[in-house]
1. Please list, ordered by first then second residue, the pairs with beta carbon atoms under 8 Å, 6 or more apart or interchain, first in the range B:648-668 and within 14 Å of chain A (Cβ to nearest Cβ) and among the aromatic types (Phe, Trp, Tyr), second buried (at least 16 other Cβ atoms within 10 Å of the Cβ) and not in a loop (DSSP other than H, G, I, E, B).
2. State whether one or more residues within the range A:765-772 are within 14 Å of chain B (Cβ to nearest Cβ) and surrounded by 21 or more Cβ atoms within 10 Å (Cβ to Cβ).
3. Is it fair to say B:Thr761 is hydroxyl-bearing (Ser, Thr, Tyr), closer than 24 Å to A:Leu668 by Cβ and within 11 Å of chain A (Cβ to nearest Cβ)?
4. Please work out which residue is farthest from the other protein chains (Cβ to nearest Cβ), limiting yourself to the range B:620-633 and to residues that are outside any loop (DSSP other than H, G, I, E, B) and farther than 22 Å from B:Ala672 by Cβ.
5. Within the range B:673-683, does at least one residue satisfy the condition of being closer than 16 Å to B:Pro724 by Cα, within 14 Å of chain A (Cβ to nearest Cβ) and not charged (D, E, K, R)?
6. Among A:Tyr307, A:Tyr351, which is the only one that is at pLDDT below 75 and either more than 8 Å from chain B (Cβ to nearest Cβ) or crowded, with 24+ Cβ neighbours inside 10 Å (or both)?
7. Scan the range B:239-266 for residues that are assigned to a loop (DSSP other than H, G, I, E, B) and either more than 19 Å from the chain's Cα centre (by Cα) or modelled with pLDDT of 80 or more (or both) and report the count.
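The values are calculated or read from the model by the stated rules, or taken from the named source; none is laboratory data. Quick caveat: nothing in here was measured; it's all calculated off a predicted structure. Methodologically, a virtual Cβ is constructed for each residue, glycine included, from the backbone with ideal geometry; neighbour enumeration extends over all protein chains shown.
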Number of protein chains: 2
Amino acid sequence: LKDTSGERFFPSLLRVCVCVCLGSNYAMSNGGGGAGASSSTHLLDLLEEPIPGVGTYDDFHTIDWVREKCKDRERHRKINSKKKESAWEFTKSLYDAWSGWLVVTLTGLASGALAGVIDIAADWLNDLKEGVCLSAMWFNHEQCCWDSNETTFAERDKCPQWKTWAELILGQAEGPGSYIMNYFMFTFWALSFAFLAVSLVKVFAPYACGSGIPEVILNITYTEKTLSQTGFTSYFTMNVIFGLGKEGPLVHVACCCGNIFSYLFPKYSKNEAKKREVLSAASAAGVSVAFGAPIGGVLFSLEEVSYYFPLKTLWRSFFAALVAAFVLRSINPFGNSRLVLFYVEYHTPWYLFELFPFILLGVFGGLWGAFFIRANIAWCRRRKSTRFGKYPVLEVITVAAITAIVAFPNPYTRQNTSELIKELFTDCGPLESSQLCQYRSQMNGSQAYPAGSDAAAAPGVYSAMWQLSLALVFKIIMTIFTFGLKVPSGLFIPSMAIGAIAGRIVGIAVEQLAYYHHDWFLFREWCEVGADCITPGLYAMVGAAACLGGVTRMTVSLVVIVFELTGGLEYIVPLMAAVMTSKWVGDAFGREGIYEAHIRLNGYPFLDAKEEFTHTTLAREVMRPRGNDPPLAVLTQDDMTLAELQSIISQTSCNGFPVIVSKESQRLVGFALRRDITIAIENARRKQEGIMLNSRVYFTQHAPTLPADSPRPLKLRSILDMSPFTVTDHTPMEIVVDIFRKLGLRQCLVTHNGRLLGIITKKDILRHMAQMANQDPESIMFN
Amino acid sequence: LKDTSGERFFPSLLRVCVCVCLGSNYAMSNGGGGAGASSSTHLLDLLEEPIPGVGTYDDFHTIDWVREKCKDRERHRKINSKKKESAWEFTKSLYDAWSGWLVVTLTGLASGALAGVIDIAADWLNDLKEGVCLSAMWFNHEQCCWDSNETTFAERDKCPQWKTWAELILGQAEGPGSYIMNYFMFTFWALSFAFLAVSLVKVFAPYACGSGIPEVILNITYTEKTLSQTGFTSYFTMNVIFGLGKEGPLVHVACCCGNIFSYLFPKYSKNEAKKREVLSAASAAGVSVAFGAPIGGVLFSLEEVSYYFPLKTLWRSFFAALVAAFVLRSINPFGNSRLVLFYVEYHTPWYLFELFPFILLGVFGGLWGAFFIRANIAWCRRRKSTRFGKYPVLEVITVAAITAIVAFPNPYTRQNTSELIKELFTDCGPLESSQLCQYRSQMNGSQAYPAGSDAAAAPGVYSAMWQLSLALVFKIIMTIFTFGLKVPSGLFIPSMAIGAIAGRIVGIAVEQLAYYHHDWFLFREWCEVGADCITPGLYAMVGAAACLGGVTRMTVSLVVIVFELTGGLEYIVPLMAAVMTSKWVGDAFGREGIYEAHIRLNGYPFLDAKEEFTHTTLAREVMRPRGNDPPLAVLTQDDMTLAELQSIISQTSCNGFPVIVSKESQRLVGFALRRDITIAIENARRKQEGIMLNSRVYFTQHAPTLPADSPRPLKLRSILDMSPFTVTDHTPMEIVVDIFRKLGLRQCLVTHNGRLLGIITKKDILRHMAQMANQDPESIMFN
């Protein structure tokens, strides 16, 4: 080993250094180092060929957005400059220009088609719990009775072809024996589906558990394997057991399609930042088909998923959502040639005094959201930290068994959750056979229902109210325990169900109040006697939106989704009022939505764009090294040997090293990533002769003057990022956090009067924020 | 004058320097310097009291977003820390926390109320062109005939109380004489309104011309004077003459309200960045009330106006839009207790083959948009550059006269444009008296219109087609010349009218095609004979959206606005297809929308977020000084005298100066603004004794060691921004542009290995981009 003058004075400095972790511990334990190539710097080194392997990422790594964007723009320029050379190159450039639209079109087509298939399959599987169609096994209940001669609405669900399990096995439809038989078969099928689902997840897609939306929000680097397996298993488990929603799995399936199709296009397969654009569009398509709400899907993608590129991906997300919705409409899984899941039309306007119960529903939604997030996170933390989490299959089976056993006796929990929501949303008409619509006017056989009707509730309504209250308690408890199980699940449908139940109860209460006290000053002004001025279905809709808002803390996209869902254009003001109230009430108990809470629970390094940094810290208080820390591991630009470089790399676990002019001046030149250095050294050893341990390593444009007998030096300028982000030590942390968020940085160097002082990484910021919130910074695990 | 050793070598360097213009020439010619205070740096100088005047802006200045945000956060912290001191402080902090919601609520309330008043007044003024209500002068035509006994639909517009001008003056309703009389009065009133409008604008609000949306997009610093005057004059001129839209003026009025109310709250009145948040919410409220489209308004604000804070203002914009829409609904100016301007219901679904004409309409919209933008900008440039622009009143009167004279004979141009759009959107029913609905079935007196009708067109439809074609040509020509006149005007309504006319023509053509060729393979499959399978009104709606998309290049917000406008939830796919096509076709001819084009025409320094920077330039090629330029004017941290500092300031017109350690090292310390230095010096002269011309000026924490006989030194650290943004000279310009856009910077310093090299300002970037696009960089004027 040959000591150069500069290094002789700093041996300890180089040995013990602060670890600068840019990626995640997960990746580091895998032996993978940092990532991200600085292609922009290649511009200056056109003579040197790029080193293979530089500029790729490991799984579950965060992305250096700035570099990835530069890479893409350079690729784009290369293609553009070649364009005029030949017809083939021109075709290639055209293909490249259109590949963005192609990939979102394909994603939209595939998501729409898969959503249609999933909807039909889920319907069939759900009806299988109750019975089977004798004439054709593959028909669901509705299709089975399609040709039935029974035209009475009350009897339309009964047709000779459709047999409940009791009829099939015991040969009788009524009586306690057949009830028990149906009960048993219901539980049996629920357990079978649960077992099938959790086994599939365990075998094929270990990451497919939960809703998957937190992962999509994070834009974590998935392998295609994870995503495609999620797609497969989602197919089997969705919406069938537990009455869980389908938006999570469908967003996942859409992202899976997006990921697969992006492999067809070099523009997207080789650039992680560009792939995120596709995933963002795919998640819009996913929400679009989950609810038949294309605009809501785009807004969801904007509000929750698109972190770095709001406007840019808007158009493509829009297009993907459109294509997916269009395909789904062509498949027509709901048989009503409508896009939307719940189509409702109300016939009466709403009145000003109704804002009070609507806001009350908003308060309920906010309280429910805050309670659900706390309870669910507490339960998930227990699952994560105790031995209990080691038996996911057993847990799923247990929950499924309890759900099935408790759910069956109550008609409102027995039925499919989507159907329940639909029933709750629907306004009572003369043809409605539901128990909820047993008003006295209907009992009297009056057909002219709304006008001049007798809106006093009949016994049917009262018993429905009781059953709904029980269903509400049941749903609240079960949702807490089921969201986060190791099966793909969504949160929208159960949350909406809870809100819809609460809303319908409030709606009926207000209706009866208005009927019996129609001379109150409130009602007297708005409700004529005998007229139908309260719509309980509208209350259900408002309640559903409020509960969803409380849980997810979305506002705009949520209102748009609900309003597309129901076609209730006139009722946007009540919806907005309830959703805003629910957000405010929820925020009073904690600002995080359920997705952010799960992100934090899972320890992903995520800088939430919605939370403001309000402390007065300066960059120098957050940067490392701090106080008693050993100094930062740095490289000098032209006076280190290969052996010294390798010893620094081997003795530290840092993911990247700042390069400075000299130890004396400490002036910053650039930044080199550990992974790139390792790859470059190996590459040089293999290809260049004369590279020895005492070879000089230099990052400058020209080789330094060396003694005559020294071995061939190694030039590493091509892997040097010559435009690292820097801030001064006096920069307030609020600005630093802003820069990290808006530019998507992974690290930032800190200087004082032009001299390098330290480094700040995303994790340093997260640790600092935890410390400021009086949490133990070490409790935040990054896995 | 005492020369210090450092400066002796660089006399010429300090004398002639590169001008670093941070603001605009407009402000500079006014003698105003730079702006923006670095409150964050005050943290370190708590002992020094803030200097009054530091941190304010001149009119029409761009804002330093980062500094403004820091200022606000510091203010917030101050209030928070005092909170627990007394009940009064606690109340103040509560008031502060809620002031954001209060100001948007007030803005929403005021915008909604003003919009209602404007709608009613505009209706009345519009009907005044045709006649007057004898029983009550202040009634418009519809209100006048409210109590009329005529119940036939064809006759409902004729009632004895309402007199046309001919009836009133000549005493006869029919005949050529009365026609000429009506013609004359129509022209007379149009001219009077035009004269009134342009005079009001000229006297009260010189900046209220045009739509005002470009200015709102730019977030230019308005004085409240400009805005409130705009509000007043908008009231008088809107929607009455020229058939121009009201969205521009209403957005302006809403921003005016937002601006006025923000003066009530110190949080907003003293911080330009926070005020932009209010303006952003206000523009959402403006669009919301202009069309009754609250969600569309929010999206408009997001897509066009909110440049730096997409998510943060989303909720408040949403709330403002909600409140405004709610107020407008309570005022109920359209008398149908609906929020929306054009409420349509269609009864037939659309079929797949109809996508072809829809896409054709999209192409038309795109072509129209591209043509309109080019023609309108060419005309506005001519107005700006020739003598012709000096007579705005004459121009307005001329255009008004031509419009009135040409418009009267054609019933489709005579009527209010909003009414025309409504008529074109509406589906034909048996009760429709319009010429457009004279199908043979109606002629035969068949009342069961849609089912089994005879959809062959009768002569009425053919003559309507001719009149519509003429109206289309007329509208196209007039819109080009009227948008940009010195009266407040919008673009949405005329664009939609053009699209609706074209769409209705195409729709009727397809309908007749389907009727006469119902055995074609296309129609055979979808249209049953005698059934009504084409809805011409839907084509009008799609055409309107396509034309609007072509002109503004909005996609998502536009579809949402149209779809809220019409309540046509089912028709979102045709709308999306047409709008996307129109955007693509328009983009093929030039990527700018009309607002961006007007921004460029007016020479505002605006970095468009939608346009990508695709060149390979590095920062050192764009920064100044370049090649042969004289060196940059810099200050040193502790070896200049006051006289030297003043001579630098007086000899340069730069708006700010980098501060370095010393001339030798060139290491960067910070950045000081010209305006702040001037204010600080004046302040020191007034308040501190012993400050003389040879006083040493220093920016360091501690005063430098000085000879015993030297006068008292002047400490300027409090005005020094110690966290200036820096990039290295090797940074690709695409990254620099990204930083400027996302962080809202005004300038950025360029370093090489820790030494200061130069500076890049927003205008340098804009000049460079012009150069890259082969335009003369000097042709871009910033005024």
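1. none
2. no
3. On the way: hydroxyl-bearing (Ser, Thr, Tyr): yes; closer than 24 Å to A:Leu668 by Cβ: yes; within 11 Å of chain A (Cβ to nearest Cβ): no.
No, not satisfied.
4. Of the range B:620-633, the ones outside any loop (DSSP other than H, G, I, E, B) are B:620-622, B:624.
Filter once more, so that each one left must be farther than 22 Å from B:Ala672 by Cβ: B:620-622.
Numbers: B:Arg620: 11, B:Glu621: 12, B:Val622: 14 Å.
Filtering first and then ranking leaves B:Val622.
5. Checked the range B:673-683: no residue is closer than 16 Å to B:Pro724 by Cα, within 14 Å of chain A (Cβ to nearest Cβ) and not charged (D, E, K, R).
6. Among A:Tyr307, A:Tyr351, only A:Tyr307 is at pLDDT below 75 and either more than 8 Å from chain B (Cβ to nearest Cβ) or crowded, with 24+ Cβ neighbours inside 10 Å (or both).
7. At the first step, the residues of the range B:239-266 found to be assigned to a loop (DSSP other than H, G, I, E, B) are B:239-244, B:246, B:263-265.
So of that shortlist, the ones also either more than 19 Å from the chain's Cα centre (by Cα) or modelled with pLDDT of 80 or more (or both) come out as B:240-243, B:263-265.
So the answer is 7.
Every residue, every condition in (1) modelled with pLDDT under 75; (2) surrounded by 14 or more Cβ atoms within 10 Å (Cβ to Cβ); (3) within 30 Å of B:Arg741 (Cα to Cα), yes or no:
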{"residue": "B:Asp58", "(1), (2), (3)": "yes, yes, yes"}
{"residue": "B:Ile63", "(1), (2), (3)": "yes, yes, yes"}
{"residue": "B:Ser86", "(1), (2), (3)": "no, no, no"}
{"residue": "B:Tyr95", "(1), (2), (3)": "no, yes, no"}
{"residue": "B:Gly112", "(1), (2), (3)": "no, yes, no"}
{"residue": "B:Gly116", "(1), (2), (3)": "no, yes, no"}
{"residue": "B:Asp119", "(1), (2), (3)": "no, yes, no"}
{"residue": "B:Leu125", "(1), (2), (3)": "no, yes, no"}
